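Engineer: One structure coming up, written as structure tokens, with questions to follow.
The values are calculated or read from the model by the stated rules, or taken from the named source; none is laboratory data. None of these values were measured; they are calculated from a predicted model. For neighbour counting, all protein chains shown are included, and Cβ atoms are generated from backbone atoms with ideal geometry for every residue, glycine included. For accessibility, only protein heavy atoms count, side chains too; no ligands or nucleic acids. Shrake-Rupley method; radii C 1.70, N 1.55, O 1.52, S 1.80 Å.
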Amino acid sequence: MNRPDLYLAVSLDVEEEGLFGGQYARRGCSTANTASLTRLDPLCERGVRPTLFCAHSVLADAASRRALTHARDRHGAEIGAHLHHWNTPPLTLDGPEADAALADNAASVPASAVSSPLMAAKLASLMAAGRDLQGAPLTSFRMGRWDLHRGLWPLLAEAGILVDASVRPLHCGVTPLAGPDHFNAPRDPYWVSMPEGRIFEVPLSVTPLLPCLPSLLGRAAPRLRPGFKNWGALSLLPVYHPLWAMQAITRLFVARGGRVLSLTWHSSEMMPGGAPHLPDAAAVDRLMDKILAWTDWLMARWNVRCLTMAQLRETLGPAAPDSSSLRPDAGDGPNDWTCFA
């Protein structure tokens, strides 16, 4: 029996602890969780080549840098950039005194509230830290909190980013301060072209429970779109779904023509107590066992090729469409999964 070919992109947001509790630390971050990256070893022994999207807090920490280079050199992991704009220096453009005057924690950190000059400075700082580790520019990127807005695309291109993985189809905020509009984003990789450069987008794997629902909402009930992710769609996020649901998401996604599976979680979720929803070693063991079981199930049913984000760009980029040919109808309004209004 012929088995369809699938591509699997496994990625981790490698970042400080202390998230998921409604507070965002500007300073004093711990990155002890990066010692748990060795939990990836059994997955990598199955052929997975992860992309590690690293926050500035991680790239600036000596012990974390050793853990990253171990994963890269032993397993072929790609080191990518992950912008936590709330604690990546500079905190302001007004100098150290203004930075020091900010509170240690923030309850709300909308990316759309950060000016373009400040965001560009933060991005430059992140990329410099990555270059210092890698000895070469980082080329793959994910925005913190998936908070990628349209104005960030040119800044990414100017910084040398070639691949982005920040888009979550079927997700959108009520307002830009609440989150970007990725609702009509394609499920498959595509190009975002602009005068500043060209970026290959690898969206998170998201599928609606019923294929007709997204278009019905767009026409009849657009105000329901922000909550759609909670009741009408499933994402390939192993922390939030049991194994049977991950398998169901995969079957639906593939049956509807999807061929690139993007699976992701956080480095802190591999450290007991590193995240509130994984309080002990038993909880972490269950998560990792579930990911391994899903990977074994996937590879037993399809021909799976595991690639980093950069490898996906090299392999699938030549045949991928440009976002200019995928833009929604004019009546849909502006969106953030391209750089166009």
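Engineer: Among the residues of the range 93-121, which ones are loosely packed, with under 13 Cβ neighbours inside 10 Å and among the polar types (S, T, N, Q)?
Structural biologist: Correct list: S108, S115, S116.
Engineer: Please pick out the residue among R46, R66 that is free of Cβ contacts under 8 Å to residues at least 24 places away in the same chain, charged (D, E, K, R), open to solvent by 10 Å² or more (accessible area, probe 1.4 Å) and out of contact with any Pro (no Cβ under 9 Å at 6 or more places or on another chain).
Structural biologist: Unique residue meeting the criteria: R66.
Engineer: Restricting to the range 142-153, name every residue that is open to solvent by 30 Å² or more (accessible area, probe 1.4 Å) and either over 24 Å from A77 (Cβ atoms) or part of a strand (DSSP E or B) (or both).
Structural biologist: R150, G151
Engineer: Can you find, within the range 239-255, the residue that is surrounded by the most Cβ atoms within 10 Å (Cβ to Cβ) among those that are in a helix (DSSP H, G or I) and free of Cβ contacts under 8 Å to residues at least 40 places away in the same chain?
Structural biologist: Going through the qualifying residues, I end up with A248.
Engineer: Considering every residue within the range 122-141, establish whether at least one is assigned to a strand (DSSP E or B), surrounded by 14 or more Cβ atoms within 10 Å (Cβ to Cβ) and out of contact with any Lys or Arg (no Cβ under 7 Å at 6 or more places or on another chain).
Structural biologist: Within the range 122-141, one or more residues are assigned to a strand (DSSP E or B), surrounded by 14 or more Cβ atoms within 10 Å (Cβ to Cβ) and out of contact with any Lys or Arg (no Cβ under 7 Å at 6 or more places or on another chain).
Engineer: Report, by residue number, each residue of the range 123-178 that is within 21 Å of P90 (Cα to Cα) and basic (K, R).
Structural biologist: The answer is R131, R142, R145.
Engineer: Here's another thing I want to ask about it. For the range 224-242, give me each residue that is more than 18 Å from S11 (Cα to Cα) and either at pLDDT 95 or above or not aliphatic (A, V, I, L, M) (or both).
Structural biologist: R225, P226, G227, F228, K229, N230, W231, G232, P242, listed by residue number.
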